[in-house]
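Only one structure is covered here, and it is reproduced in the block below.
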Amino acid sequence: MVRRPTSTSRRRALKWIGAGGVAGLAGCSGGGGDGSDGSDGTSGDGSDGSGDGSGGDGGGGTTTSQSGEWPDLSGETLHMVTDSNDDTSQEFWSRITDGFSEATGAETNVEFITAGTEGNQRIIQMIQAGDPPDVSWRSLTQAGVLYQEGILQPLDDIFADVEDRLGEANSVVKETLNLGGEGKVLMPVLNNLNTYNYRTDLVDVEPTDWESALEYARKIDEMDNDVRGTYVPIADGSIGTVRTLSWLWTVGGSIAEWQDDRIHVNFHEGENREKMVELLNYLKDRQQYSPEGAGAGWGDVINIIQNGSAASTWYGGPRPKNAAIRNEREFASGIEVAPMPENTQRGTDGSVEGFISFSQGNTEVAKVFIEYAMQRDFLMFLYHNLGPIHNIPSWPSIKDSDEYISGLKELDIWRGWNEDQLSSLHDDAFQYFQHKSQDTNPPNPYQITYSGEPLWDLQSDVLLRDKNPEDILDQRAQELQAAVDERQG
């Protein structure tokens, strides 16, 4: 049975939402540990929902609505599902749900589901069983899968309210939210940026473009030590596709385009073919300066610098640097976290995470909940306790606030950072970020386009099986097109 609000509470909720909701919001949040223990713990786009438990308390109070009170939702039940189930994440969700119940009278419960794609499958099963959730915390990539099922509720009305209070969201993040052009399907809270982490203490070369990155790796490899120049992970799944896309955007390549209202795979055609071949050959050149990369996981990439195996690596954020700090490596503070080395342009893949609401759920109450959750004290707690620095506020007014910066400076991890490094990371995230869906206009809602097996097979064909890129593109493109067409119907 689909849960619906009573007529009284529905009117109250709608009246409250139309009046502007809460005031004084000034914070957004993120989730994710640094994986310095070597564990994987990542979601489908390179960021994870596990907590590292670091940092101090970011505050636990709540603010009130613009009118000084929250709507009376007594008798209503709000059901939220999330992948984040470590102790710190559970504390975060308890703060919000307990406060929401106290403020509105609604009963709230959180279901912790298996991470990543399996979590989406659980959500779809719940909806098919007639018991839909109301709210979830998802990445935009995961939301794209659910959007394809036609089960997401646009959040444009409360997005406008949040922008009234916070100012405009990161413009490059904001451009990703309108999957299929039918409305903003996710309330952004954080974004991550795929970066290039490298040691500055070994050679006097800055790996800012493809040529200098290769020179950096060669010079490190020629030194009389055990440190290899760079790391070329070869992996199935998200790590393989996210990494490929981060490099591909720097050469201006493309995976797909809209043709007659359908997604058409194009990486094997015309100029895009030339760029993909150039990329695969470049990765092959880099492989000679890398430790063995077959079967790599996210934890391998996180720890490859701090354990002394390599001097540079791509990663979905600054966790290689953070892992070196936590493991007290003397070179940690000198690790730079920079944009991906460019070829023809700056650009890198990244993720966006935040709240979504389901069209078959208790939508009006869900919107009240999302606005309640987007309060300063809740969100500052999340920023300072889950993936600090790695997770970047999607709102300029937050990332530049004294409260956010001063909170980071109180953390143990800050001993390996400085304000210039943090500012540079933030500037890069607000300039060069390109979510995979932005490969097309409007954004591509078919997540399979960028995470299907044919795409990660490209690197394995070249790096493991020593095939000529020219000989494999057509087959892999046909396989990917077939997978996309199955989703498109």
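Which ones in the stretch 173-199 are of a type in the set (S, T, N, Q) and touching a Ser or Thr at 6+ places or on another chain (Cβ under 9 Å)? Walk me through it before giving the result.
Within the stretch 173-199, the subset of a type in the set (S, T, N, Q) is 176, 178, 191-192, 194-195, 197.
Those that are of a type in the set (S, T, N, Q) and touching a Ser or Thr at 6+ places or on another chain (Cβ under 9 Å): T176, N191, N192, N194, T195, N197.
Scanning the stretch 235-283 for residues that are assigned to a helix (DSSP H, G or I) and free of Cβ contacts under 8 Å to residues at least 12 places away in the same chain gives G270, E271, E274.
Touching a Ser or Thr at 6+ places or on another chain (Cβ under 9 Å), modelled with pLDDT of 95 or more and over 19 Å from I239 (Cβ atoms) - does that describe any residue in the stretch 292-307? No, the conditions are met nowhere in the stretch 292-307. The set of residues from the stretch 128-154 being crowded, with 22+ Cβ neighbours inside 10 Å and in a loop (DSSP other than H, G, I, E, B) comprises P133, D134. When every residue of the stretch 173-194 is checked against the conditions, none turns out to be surrounded by fewer than 23 Cβ atoms within 10 Å (Cβ to Cβ) and hydroxyl-bearing (S, T, Y).
Taking the criterion of being of a type in the set (S, T, Y) and in contact with a helix residue (DSSP H, G or I) (Cβ under 6 Å, 6 or more places away or on another chain), the residues of the stretch 96-149 that qualify are T108, Y147.
Just the residues that are surrounded by fewer than 18 Cβ atoms within 10 Å (Cβ to Cβ) and touching a residue at least 24 places away in the same chain (Cβ under 8 Å), please, taken from the stretch 155-164. The answer is D156, D157, D164. Only residues that are crowded, with 24+ Cβ neighbours inside 10 Å and either of a type in the set (V, I, T) or within 21 Å of the chain's Cα centre (by Cα) (or both) were counted in the stretch 359-369, giving 2. Considering only the stretch 211-220, I want to know if a residue exists there that is of a type in the set (G, A, S), at pLDDT 95 or above and closer than 30 Å to N441 by Cβ. Yes: one or more hits. Scanning the stretch 130-149 for residues that are of a type outside the set (S, T, Y), under 12 Å from Q447 (Cα atoms) and in contact with a strand residue (DSSP E or B) (Cβ under 7 Å, 6 or more places away or on another chain) turns up L140, A143, L146. Scanning the stretch 169-202 for residues being among the basic types (K, R) and touching a strand residue (DSSP E or B) at 6+ places or on another chain (Cβ under 9 Å) gives a total of 2.
As a summary of the residue check, Y289 satisfies the conditions (1) in contact with a Gly (Cβ under 6 Å, 6 or more places away or on another chain); (2) assigned by TED's automatic domain parsing to the domain that holds N120; (3) not polar (S, T, N, Q) except for the one numbered (2).
Given the criterion over 24 Å from D87 (Cα atoms), of a type in the set (S, T, Y) and either in contact with a Gly (Cβ under 8 Å, 6 or more places away or on another chain) or touching a residue at least 12 places away in the same chain (Cβ under 8 Å) (or both), identify the matching residue among S423, S460. Before the answer, list the steps.
Working: S423 fails: either in contact with a Gly (Cβ under 8 Å, 6 or more places away or on another chain) or touching a residue at least 12 places away in the same chain (Cβ under 8 Å) (or both).
Residue meeting the stated conditions: S460.
Just a yes or no: is a residue in the stretch 395-413 of a type outside the set (K, R), buried (at least 18 other Cβ atoms within 10 Å of the Cβ) and under 28 Å from L248 (Cα atoms)? There is at least one residue in the stretch 395-413 that is of a type outside the set (K, R), buried (at least 18 other Cβ atoms within 10 Å of the Cβ) and under 28 Å from L248 (Cα atoms).
Against the test of being surrounded by fewer than 20 Cβ atoms within 10 Å (Cβ to Cβ), within 20 Å of K367 (Cβ to Cβ) and of a type in the set (G, A, S), the options S94, S101 yield a single qualifying residue, S101.
Of all residues in the stretch 209-234, none that is part of a strand (DSSP E or B) has its Cβ atom under 9 Å from the Cβ atom of a residue that is basic (K, R), 6 or more apart or on another chain. Just one of the listed residues (T88, T108, T97, T82) is free of Cβ contacts under 8 Å to residues at least 40 places away in the same chain and of a type in the set (S, T, N, Q), and it is T97.
Do you know which residues across the stretch 213-265 are farther than 18 Å from N197 by Cβ, touching a strand residue (DSSP E or B) at 6+ places or on another chain (Cβ under 8 Å) and surrounded by fewer than 21 Cβ atoms within 10 Å (Cβ to Cβ)? The answer is E257, W258, H264. In the set Q121, Q125, only one residue is surrounded by fewer than 22 Cβ atoms within 10 Å (Cβ to Cβ), closer than 30 Å to L245 by Cα, free of Cβ contacts under 8 Å to residues at least 40 places away in the same chain and of a type outside the set (V, I, T); that residue is Q121. Which residues, taken from the stretch 171-204, are part of a helix (DSSP H, G or I) and basic (K, R)? Result: K174, single match. What number goes with the only condition from (1) among the charged types (D, E, K, R); (2) crowded, with 22+ Cβ neighbours inside 10 Å; (3) closer than 24 Å to T108 by Cβ that D439 does not pass? Single failed check for D439: (3). Residues considered: I472, I392. Of these, the only one that is surrounded by fewer than 24 Cβ atoms within 10 Å (Cβ to Cβ) and aliphatic (A, V, I, L, M) is I472.
The values are calculated or read from the model by the stated rules, or taken from the named source; none is laboratory data. The shown structure was predicted, so the numbers you read here are calculated from the model rather than taken from an experiment. Heads up, the Cβs are rebuilt from the backbone with ideal geometry, glycines too, and the neighbour counts pull from every protein chain shown.
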